[in-house]
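Inspection log for the structure reproduced underneath, given as structure tokens.
The values are calculated or read from the model by the stated rules, or taken from the named source; none is laboratory data. What you see is a predicted model; the values in this text were computed from it and never measured. Positions of Cβ are generated from backbone atoms using ideal geometry, with glycine treated the same way; all protein chains shown enter the neighbour counts. Accessible surface areas use protein heavy atoms only, side chains included; no ligands, DNA or RNA. Shrake-Rupley method; radii C 1.70, N 1.55, O 1.52, S 1.80 Å.
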Amino acid sequence: MTRTWTTVTLEQLPEVAAELLQFASSQKIFCLHGEMGAGKTTFVKELSKTLGVSDEVQSPTFSIVNEYTAASGDPVFHFDFYRLKSLEEAYDIGYEDYVFSGHYCFIEWPEKVESLLNFAKADIFITSDNNTRTITCRYE
Amino acid sequence: MNKKPVYILGIESSCDETSASISCDGRILSNIIAGQEVHERFGGVVPELASRAHQQQIIPVVDAALSEAKVAKEDLAAIAFTRGPGLIGSLLVGTSFAKAFAMSLNIPLIEVNHMQAHVIGNFAAREGQEIKAPEFPFLCLTVSGGHTQIVKVESYLKMEIIGQTIDDAAGEAFDKVAKMLNLPYPGGPEVDKMAAMGNPKAFKFPVSDMPGLNYSFSGFKTSVLYFLQKQRQQQADFAEANMADICASAQYTIITILLKKLTQAVQETGIKNIAIAGGVSANKGLRNALMEKQETAGWKVHIPAFEYCTDNAGMIALYGYYKWQAGEFVGLEVAPMARYGF
């Protein structure tokens, strides 16, 4: 299953986030792919808002994982594996406890731990061009 | 009067560093951060950021803190630990150790908020040293790789976050600029070094303006990225050829953003006593900009020793002492919190 949104402006992000979560409603784990500055964290902000997260969604680059609370009361996990240097480090932070928790997980820089994420999940690809973005969501 | 000295053990394990410290009546006796020596003593490669690493390091680090302070564990008055915010796995190690150790010694347990402890780092002094602290009330700009906050501090125990980042931290902005320029991670110190040789006004990047006292660095990051992409299309080695000017201009913009909201906070609160905390407080450009404000705007700026700016248990042991004085203890049912506000 694949769906693509093209020439998405900043103002349209909330709408796309809602449509995407609807499109991939069977999915809980989302890996976000895109270059630095493509807007991954910004999009996670919108996805989280759609889930009813009222906390400020900040970049988890330093903390590796941020935890928020959805409107349902369930946790939402926001990862950034950008600064991991080895797979060992992902084990060390206990990534399994998070990704197999059954709760929403949004993962930035999944490429850093690709071999650990070899299970059913959805991928979101973001490319940006002159203030608009192309967002593709794909899952099996 | 022969008062018995109050020794507090502080434990910090919120993120990468495992650290233990002993304070005595509000002075730091030891401040051990797990580093190469601990790794060497216990052999093997210990991953940098790891709850497993915290598990391996916590006992040797506490041991080292006690022996450097020449304090026996039986003499401890209480144990203070970082309850959050941080990585839950890492926090659990410090919390569990603190609880077990306090129970075995039958002494009180004190929970500490990591971000409040950063503010308290401004009061750190070694035994026999004078405490050169900012006067209450003051504003603390806490800037690190993971945080950017303006904290209004009324007293040791009364603090309020009046502004913070809504996306990236200031330290992250430094690191990501460094990454775009192919400088090593963490790149903050590298950018600082290069910036000293460049022209801060060579290139212009946008200064974000969020509502209220909040910060945003995401747009800045993207603008540097687009700028470099565009320039590299015309000149492949643009970054290499203009490294010092790019670093100086980027650093100038980050500091301008930081100072703009801090200045606004001073105007809104009428408080001119300023302190800083967090790893980015090592940045020379930021220090110079603050000192300039001291000259031009009548601010009283306090910059703590760098040892107490980055993650360390000294600030935890110290805050533990102030909480001990106030009788703020917690029971053994206390649990760590990944997200932990003031």
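Using the average count of surrounding beta-carbon atoms within 10 Å as a protection proxy, the listed peptides B:80-86, A:2-8, B:299-305 rank, highest first, as B:80-86, B:299-305, A:2-8. Apply the a/c threshold of 1.5 to the C-alpha gyration tensor of region B:274-328 and tell me whether it is rounded, prolate or oblate. It comes out oblate by the Cα gyration axes. Using the Cβ of B:ILE246 as centre and a radius below 14 Å, the other residues enclosed give a net charge of +3, where K and R count +1 and D and E count -1. Looking at region A:2-139 alone, DSSP beta bridges between its own residues are antiparallel in about 55 percent of cases. In summary, the aspartates and glutamates within cross-link reach of B:LYS221, defined as a Cα separation below 15 angstrom excluding same-chain residues under 8 places away, comprise A:GLU35, B:ASP167, B:ASP168, B:GLU172, B:ASP175, B:ASP209. As a rough guide to protection, the peptides B:186-193, A:70-77, B:329-336 ranked by mean Cβ packing within 10 Å, highest first, stand as B:186-193, A:70-77, B:329-336. Less than 5 angstrom separates the built amide H of A:ALA70 from those of A:VAL76, all sequence-distant by 5 or more or on a different chain. Computed over chain A with a Gaussian network model linking Cα atoms closer than 10 Å, the most mobile of A:PHE106, A:PHE43, A:PHE119 is A:PHE119. With kT/(6 pi eta Rh) evaluated at 37 °C and eta = 0.692 mPa s, and Rh the Kirkwood radius from Cα pairs, region A:2-139 diffuses with a coefficient of 219 µm²/s according to Stokes-Einstein.
Each other residue within a Cβ distance under 9 Å of B:LEU181 adds +1 if Lys or Arg and -1 if Asp or Glu, for a net charge of -1.
Among the protein heavy atoms of chain A, carbon and sulfur supply 47% of the accessible surface, probe 1.4 Å, non-protein parts ignored. Take the Cα coordinates of region B:155-251, assign each an equal point scatterer, and use the Debye formula without solvent to give log10 I(q)/I(0) at q = 0.19, 0.20, 0.22 Å⁻¹. For the requested q values the scattering log ratios are -0.89, -0.97, -1.12. Over the C-alpha atoms of the protein assembly as shown, the Rg to Rh ratio, Rh being the Kirkwood estimate, stands at 0.97. Inter-part distance, region A:115-134 to region B:261-303, computed on C-alpha centroids, equals 40 Å.
Summing Lys and Arg as +1 and Asp and Glu as -1 over all other residues whose Cβ lies under 9 Å from the Cβ of B:LEU225 gives a net charge of +1. Across B:SER21, B:SER144, B:SER208, mean-square fluctuation computed from a Gaussian network of chain B (C-alpha pairs under 10 Å connected) peaks at B:SER208.
Result for chain B in a Gaussian network model with C-alpha springs under 10 Å: among B:THR269, B:THR296, B:THR222, the largest mean-square fluctuation is at B:THR296. For region B:159-173, a reduction of at least 50 Å² in accessible area between the chain on its own and the assembled protein chains (probe 1.4 Å) is found at B:ILE166. When the accessible areas of A alone and B alone are added and the area of the pair subtracted, with a 1.4 Å probe, the result is around 2600 Å², both sides summed. Straight-line cross-link partners of B:LYS3 among the lysines, defined as a Cα under 22 Å from its Cα and at least 8 positions apart when in the same chain: B:LYS70, B:LYS73, B:LYS323. Here the peptides B:224-233, B:91-100 are ranked by packing, the mean other Cβ count within 10 Å, and the order with the highest first is B:91-100, B:224-233. Seen against the Cα atoms of chain A and their longest principal axis, helix A:40-50 is set at about 80 degrees.
The angle between the Cα long axis of helix B:88-105 and the longest principal axis of the Cα atoms of chain B comes to about 20 degrees, rounded to the nearest 10. Averaged over the residues of B:297-307, the number of partner chain Cβ atoms lying within 10 Å of the residue Cβ comes to 0.
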